Each structure stands twice: as C-alpha cells, then as structure tokens.
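The values are calculated or read from the model by the stated rules, or taken from the named source; none is laboratory data. Here the structure is a predicted model, which means the values were calculated and not measured. Positions of Cβ are generated from backbone atoms using ideal geometry, with glycine treated the same way; all protein chains shown enter the neighbour counts.
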Amino acid sequence: MTANKIIYLKAVPIVRRLEYLEVFLKGVKNRLDRKELIFALGERKIAFEIEKDLAVGRGNPNRKDIAKANYLLKYCIRLSRDLGFVDKVGLRFRLTEKGIKYLDSDDHSRKRTFAEAFSEVYPHLTTIILALQHLNGAEAILPSDSKHEFEAESMKYGFSISQMYFGTIRDIGNRLGLLNWYVKGMGSERSQHIYLSCSLVTMEPASFIVRVRNGDKWLFAVPFEIDRIHFREALWDTYLSLVDGVPGSPIFYSAVREQVCATLKLRDDQFDSEVMKMVDSDKILQVIWSEGVLQYQKDSASMLKSLPPKNEWGRYVVYLKIVRR
C-alpha cells in the first residue's frame, strides 16, 4: 500500500503497559513522593520479569538496572497530565475526578476511558488502526530490528513514526483489543506483522470494545466473532503444521496462538478463552495443556505479550498437545 498523504506521528510518552500508569496513579492517590514513585514503578518492572521467568524461563528480574524508573516516571507524569488524570498543586500531583474514576473502575471500563482520552490527545492510535483497516484484512509488515529502515517502511502504510514510538502505540492498541501482532524471521529478516483484530464502525453498536476519536466523530471497535467449527479447523491445521504432522507432540502454546490469531484475526485473550472451553470439552479434538521448560531462542517468547495463560492451579501452561478423539 502506498499512501498519497503521509501523516507524521511525533513523540508520545513511552508507557507501553497500562499497569505502569495505574501504579503511578495509585502512588499519587497515596501521596507518595518522587523517590517512592520511582521505587513503586521499579517494583512493577521487576514483577513483570518474575512473571516472564515463571512462565517461560526468560525473565531477568536480577538485571542490574531493572529497578531504574526515572524516565518511566517522567513519561507516566506526562501521560497522566495529558489525559487529564492528574494535575499539580504546589510540588505534588493530585488525582482529578477523571483520574479517580479511572482508578476506581474495572479493567474493561479503564480500557474504554483510556482509549477515549488517549485518542483525543494523540492522533497516533487512530491513524495506525485506520491504516490497518485500509489493508482489508492483510498484515502490515515492518522491520523488527532495523531502526534506520523503520520510518521509511512505515510510510508505505500512510504514516511516519519512529520504531520506539510505534512499539508504544502497538502495545497500547494490543492491550485495548484493537490490534494484534507477532514476530517472524531471524536476523536481518526479522519483522513484525500487525493486523486489526476488530472491525471499526461509525454508528454506535449494541456492544463494542472501546471507541477512539477520529476528527469530530467516534470509531467503535467491534470484536470479530468466533465460530467453533472454523476455530477448530484453524487450531488443528496450525498445530499439525507446527508438529510436522505428528498429533500429540508438545508445542509452545504461544506459537500456536499467534498463528491461529493471525489466521482468524483474533485477540490473544479470545484464543485463550476458546481453547479453555475446548480443554473442558470438545467432541472432535482432545486439547491438553502441560507445563515445561522452553529451550532458549530469540523470538517473541521473551516478550510479555507471549506469556501463556495460567491453569486452574495458577501455573503457566507452556505447551499444548492435541489429538483427535
């Protein structure tokens, strides 16, 4: 896709996970000082690395600089002020009514509030999901490791943005349920594939995930429906291709998930929910979860996005095995 008009997307606060924003807002609520806020954000960073280590053995909670969060605090402050969640009185920040409402809401409501506020302040999110919509179900393919080539490649989709800022918007869009992505290839061929995981409509539907600002109108994100027959077929075909046609062989859960989601344009949590139902009962396939330890390789398994779900005992499900009944 070659766009006639390029939208230049500039800097955004580098807060790639909403959990960091929530830690900051809770700290403001509890009247923490700057040093205490930095410590709280550092503790959250460590907690993420511990989860990665527990799930796939790839976290690094003991890294020397893991607890450093000076810049993260700066970005959280800027983001919170831009979204209207905090204001400043003297030398301290305080929650606004909007910030209090956000913090007191459940996860679903927080996503809606964040999507609306963020898209009203920054054009980045709406620009990127509209660019994905124009691909009519195809994926945007951008470099994963080459910062120098990234901006030039992004222009093919109608926008120009640095790799760092794109990664921030991509992760936010993924968390809000608007898009999904995966990494493919190795070395210089390593690329990230991004696709829309919802349909965008201008008339408010009976049910929607979030809405984002587009000029003077709203765009409503409606999730794609899951049909068990088509989901089962995609799951079985993907699984067989990954295990070289040998049913019952263990394969990394997230490897299956990323391919099935890309095929059906689903969110990761939609896949998790449907597979969970199939584990409990499916008339055609027997889906089995198992724990284990992964061999190290450079892929998206080192990312928080790739963490598999937990089983009923609270342990991560690392492998997936499937056989026909």
* Please tell me if D87 is within 24 Å of the chain's Cα centre (by Cα) and free of Cβ contacts under 8 Å to residues at least 12 places away in the same chain. => no
* Asked: Say we look at region 133-156 and pick out the residues that are surrounded by fewer than 22 Cβ atoms within 10 Å (Cβ to Cβ) and closer than 20 Å to A221 by Cα; which of these is nearest to the chain's Cα centre (by Cα)?
  -> E139
* To do: Just name the residue that is modelled with the lowest pLDDT out of those in region 249-308 that are part of a helix (DSSP H, G or I) and β-branched (V, I, T).
  => V279
* Asked: In this structure, does V89 turn out to be among the β-branched types (V, I, T), surrounded by fewer than 21 Cβ atoms within 10 Å (Cβ to Cβ) and farther than 22 Å from R213 by Cα?
  -> yes
* Hey, among the residues in region 195-217 that are touching a residue at least 24 places away in the same chain (Cβ under 8 Å) and over 30 Å from D282 (Cβ atoms), which one's surrounded by the fewest Cβ atoms within 10 Å (Cβ to Cβ)? -> N214
* Can you find even one residue in region 59-80 that is surrounded by fewer than 16 Cβ atoms within 10 Å (Cβ to Cβ), within 21 Å of the chain's Cα centre (by Cα), within 30 Å of Y316 (Cα to Cα) and free of Cβ contacts under 8 Å to residues at least 12 places away in the same chain? -> yes
* Asked: So how many residues does region 185-219 have that are within 12 Å of L130 (Cα to Cα) and aromatic (F, W, Y)?
  -> 1
